[in-house]
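Enquirer: Pasting in a structure now, in structure tokens, and then I'll have a few things to ask.
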Amino acid sequence: MSENILEIKHLSKSFGTHEVLKDIDFNVKAGDVTSIIGSSGSGKSTLLRCINLLETPTSGEILFHGEDVVSGRINQSRYRAKVGMVFQSFNLFYNMSVLENCLIGQHKVLKSEKAEAMDRAIHYLDRVGMTPYINAKPHQLSGGQKQRVAIARALAMQPEVLLFDEPTSALDPEMVGEVLDAMKGMAKAGKTMLVVTHEMAFARDVSTKVVYMADGVIVEEGKPGEVFVNPQNPKTREFLSRFL
Amino acid sequence: MLAQLLADIASIWAKYGSVYLNGIKNTLILAIVATLIGCIIGFICGILQTIPCAPQDGIVKRVILKIIRILVRVYVEVFRGTPMILQAVFIYYGVPYFFGYTFSSIWTVSIVVVSINTGAYMAESVRGGIMSIDIGQTEGAKAIGMTHFQTMLYVILPQTLKNIMPQIGNNYIINVKDTSVMFIIGFSEFFAVHKMVSGAIFKYFPSATMEMAGYLCMTLLASFILRWVEKKLAGAGSYELVNADQLAATAGTYNYPKKGSPFDETSKEFRNER
Ligand SMILES: Nc1ncnc2c1ncn2[C@@H]1O[C@H](COP(=O)(O)OP(=O)(O)O)[C@@H](O)[C@H]1O
Ligand SMILES: [Mg+2]
């Protein structure tokens, strides 16, 4: 068994008195493509945001290669660079072109050489089919194109894990396919991914592991074959029945 | 009547033209320099006020941030809430009174007063500008590992600057006009020239007409330049598609990812997928 990249231990998060995540435990191994499913408000986004330290967990540990990232001993910037995130709302930098979006992090965070950064940006933009648009500004692109650039931007940082928070939920139906295709390609190429999604076909066919969350707890997790075909928990069964 | 007015203006211009021009020059220099310095002050205040303060930060950092916020608040309220003409007098006489330092040049004190006054207005504009930028921009920057400082410098402030350009222009135009109160401490800007000349030759109306025209020229020119700058900042309206051949020159020098690294992947599969 390969080593865990991420270990989440007893993770809890409250907003005021509202306990959104309750004692979450789970691991991410190299090469895992984990789909997190569950109804709206169950805490999926909060979990990803905690992992990326956009939210500070109320208690519990997040271990990155065995080192706790919450306690703050590890450099937060460097950790974030290794754990990429793709947002539902893209969050491309509006003041930069497509190419600059994919370069800025490499220049300023990784301190990569100019030529190297350029090459890498173009390499990943090519993979998502966005090289023709390198001079465009984000507001000149369609939603699907923006999301593909956002994926290239995250990949250009060469993260060890990539988090996706409903990457296709803000897209028009005809654009969902192009983004899912890019993600499938990454999964095939062996990237470690953690994907919050409502695209059940993606969860079932592409991921190596499925996690079902409800009310801030992990109700069930397992191989997609197990969870989709033979769910153990009645809650999971009820949730899945809505998609069949 | 009109002929008389034109004749009067011509005679004033013949004798005092260079004095009026010098007044215009002084007004413009003061307004431009003070607006620029005011913007810098405003940006510094805006940046200081929006430094985030997380619950896990140490008590020292939180206390310092709190003090900074209070100081900026007081500065803004005091200098936005009092007339600039009074601020000029207050500083001009106050500094020697308390610190025993006399301003060597009327320019120094004038620039200081107008800059501080502009800074108070700009501080609020910049703070509002920063806060109006979508939180997603900050999160996107953090997610790729940028620090707060880098996020501000490369992502937030460029967008803020573009958004508050109209307010900067507004402040500049206000400064062109309102520097006229600096006559109170003896700064010879454009309006002071009018007081001096018309007082000497008793031709108040022709001189006032010249002043009106002069100020209008200065502000219209400013509006015009601002529109142009705003257009420049907005960037090109369209973009050019780039084809693979053009990129071949820049790409291909390096290979990603390195074989055997944790990022190793087989690009062929990726391409088949698309
Ligand atoms: N910043 C916040 N402040 C207060 N409550 C929040 C905040 N973010 C999320 N929540 C609450 O946490 C719960 C889980 O939200 P979220 O993680 O976004 O769910 P999901 O992504 O599964 O739809 C929701 O009830 C939501 O209202
Ligand atoms: Mg969500």
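Enquirer: Taking amide H positions as placed in the peptide plane 1.01 Å from N, state which residues far from A:I36 in sequence (5 or more) or on other chains have amide H under 5 Å from it.
Expert: A:V195, A:V196, A:T197, A:V211
Enquirer: May I ask you to evaluate 6.51 cos²θ - 1.76 cosθ + 1.60, the Karplus curve with θ = phi - 60°, for each residue of segment B:138-152 and list the ³J(HN,Hα) values in order in whole Hz, giving x for glycine and proline?
Expert: Taking θ as phi minus 60°, the curve returns 5, 5, x, 6, 4, 5, 9, x, 6, 7, 4, 4, 5, 4, 4 Hz for segment B:138-152.
Enquirer: Another one. In deg cm²/dmol, rounded to 500, what helix-only [θ] at 222 nm does chain A give when every DSSP H run of at least 4 residues adds -39500 (n - 2.57) and the total is split over its residues?
Expert: Rounded to the nearest 500, the figure is -11000 deg cm²/dmol.
Enquirer: Extending each Cα 7 Å along its Cβ direction at B:I135 and A:S39, get the distance between those two points in nm, one decimal.
Expert: Placing both labels 7 Å beyond Cα along the Cβ direction yields 2.5 nm.
Enquirer: Report the equivalent ellipsoid semi-axes for chain A in whole Å, largest first, defined as the square roots of five times the eigenvalues of the gyration tensor built from alpha carbon atoms.
Expert: That gives 29, 22, 16 Å for the three semi-axes.
Enquirer: How well do other chains shield peptide B:149-161, expressed as the mean number of their Cβ atoms within 10 Å of each residue Cβ?
Expert: Per residue, the number of nearby Cβ atoms from other chains is 3 on average.
Enquirer: Taking H placed 1.01 Å from N in the peptide plane, check which residues at least 5 places from A:V86 or on another chain put their amide H under 5 Å from its amide H.
Expert: When sequence neighbours closer than 5 places are left aside, the close amide H contacts are A:L163, A:F164, A:D165.
Enquirer: Taking amide hydrogens as modeled 1.01 Å from N in the peptide plane, which residues meet the under 5 Å criterion relative to A:K29, leaving out close sequence neighbours?
Expert: A:I5
Enquirer: Within a 10 angstrom radius of the beta carbon, how do A:H123, B:H148 rank from fewest other beta carbons to most?
Expert: Details: A:H123 21, B:H148 16.
Ordered from fewest to most neighbouring Cβ atoms within 10 Å, A:H123, B:H148 come out as B:H148, A:H123.
Enquirer: Here is a follow-up. If you filter segment B:56-133 for chymotrypsin sites (Phe, Trp or Tyr not before Pro), then keep DSSP loop positions with at most 10 other Cβ within 10 Å, what is left?
Expert: Filter output for segment B:56-133: B:Y101.
Enquirer: From the backbone phi of segment A:226-240, what are the Karplus-calculated ³J(HN,Hα) couplings (6.51 cos²θ - 1.76 cosθ + 1.60, θ = phi - 60°) in whole Hz, Gly and Pro given as x?
Expert: Per-residue couplings from phi come out as 6, 5, 7, 7, 9, x, 7, 8, x, 5, 4, 4, 5, 4, 5 Hz.
Enquirer: Once R0 is set to 30 Å, what does the formula 1/(1 + (r/R0)^6) return for the Cβ-Cβ distance between B:L233 and B:V33, expressed as a FRET efficiency to the nearest 0.05?
Expert: That pair, B:L233 with B:V33, gives E of 0.90.
Enquirer: When the dipole is taken about the Cα centre of the protein assembly as shown, and only Lys, Arg (+1) and Asp, Glu (-1) are charged at their Cβ, what size is it in debye, to the nearest 20? Intermediate values should be presented prior to the final figure.
Expert: Working: 50 positive and 45 negative charges, 235 e Å.
With Lys and Arg at +1 and Asp and Glu at -1, about 1120 debye.
Enquirer: Mean-square fluctuation check for chain B, GNM, Cα pairs under 10 Å: which of B:S125, B:S238, B:S207 is largest?
Expert: The residue with the greatest mean-square fluctuation here is B:S238.
Enquirer: Between B:I59 and B:S104, what FRET efficiency comes out of the Förster formula 1/(1 + (r/R0)^6) with R0 = 56 Å and r the beta carbon distance, rounded to 0.05?
Expert: Working: r = 44 Å, r/R0 = 0.78.
Taking R0 as 56 Å, the efficiency between B:S104 and B:I59 is 0.80.
Enquirer: To continue, here is another question. Considering every residue in A:100-111, what mean count of other chain Cβ atoms within 10 Å of its Cβ is obtained?
Expert: Whole-number average of other-chain Cβ neighbours for A:100-111 is 3.
Enquirer: DSSP loop (so not H, G, I, E, B), at most 14 other Cβ within 10 Å: list which GluC sites (Glu not before Pro) in segment A:6-57 pass both filters.
Expert: For GluC sites (Glu not before Pro) across segment A:6-57 that sit outside H, G, I, E and B with at most 14 neighbouring Cβ atoms in 10 Å, the list is empty.
Enquirer: Run the dipole for chain B about the Cα centre, Lys and Arg Cβ at +1, Asp and Glu Cβ at -1, nothing else charged, and hand back the magnitude in debye, nearest 20.
Expert: Dipole about the Cα centre, nearest 20: 320 debye.
Enquirer: For A:C102, B:C39, B:C53, what's the fewest-to-most ordering of other Cβ within 10 Å of each Cβ?
Expert: B:C53, B:C39, A:C102
Enquirer: So for the protein assembly as shown, Kirkwood radius off the Cα pairs, Stokes-Einstein at 10 °C and 1.306 mPa s: how many µm² s⁻¹?
Expert: Result for D is 59 µm²/s.
Enquirer: Does segment A:79-200 come out rounded, prolate or oblate, given a ≥ b ≥ c as the square roots of the eigenvalues of its C-alpha gyration tensor, rounded meaning a/c under 1.5 and, failing that, prolate meaning a/b above b/c?
Expert: oblate
Enquirer: Trypsin sites (Lys or Arg not before Pro), restricted to segment A:46-92: which are DSSP loop and have at most 10 other Cβ atoms within 10 Å?
Expert: Answer in residue order: A:R73.
Enquirer: Does chain B classify as rounded, prolate or oblate by the C-alpha gyration tensor (a ≥ b ≥ c root eigenvalues; a/c under 1.5 gives rounded; else a/b over b/c gives prolate, otherwise oblate)? Don't skip to the answer; put the middle values down first.
Expert: Details: a/c = 3.75, a/b = 1.79, b/c = 2.09.
Oblate is the answer for chain B, as a/c is 1.5 or above yet b/c matches or exceeds a/b.
Enquirer: Excluding B:R80 itself, calculate the net charge of residues whose Cβ lies under 15 Å from the Cβ of B:R80, where each Lys or Arg counts +1 and each Asp or Glu counts -1.
Expert: Values: positive: B:R73, B:R127; negative: B:E77, B:E124, B:D178.
Result for the neighbourhood of B:R80: -1.
Enquirer: Still on this model: Averaged across A:86-97, how many Cβ atoms of other chains sit within 10 Å of each residue's Cβ atom?
Expert: Taking the mean over all residues of the peptide, I get 6.
Enquirer: Something else: Measure nothing fancy, just the Cα-based angle from helix B:59-80's long axis to the longest principal axis of chain B, in degrees from 0 to 90, nearest 10.
Expert: Value to nearest ten degrees: 30.
We did not get these values from a lab; they are worked out from the coordinates using the rules stated. Computed from a predicted structure; not experimentally measured. Because the Cβ atoms are built from the backbone with ideal geometry, glycine has one as well, and the counts that use them run over all protein chains shown.
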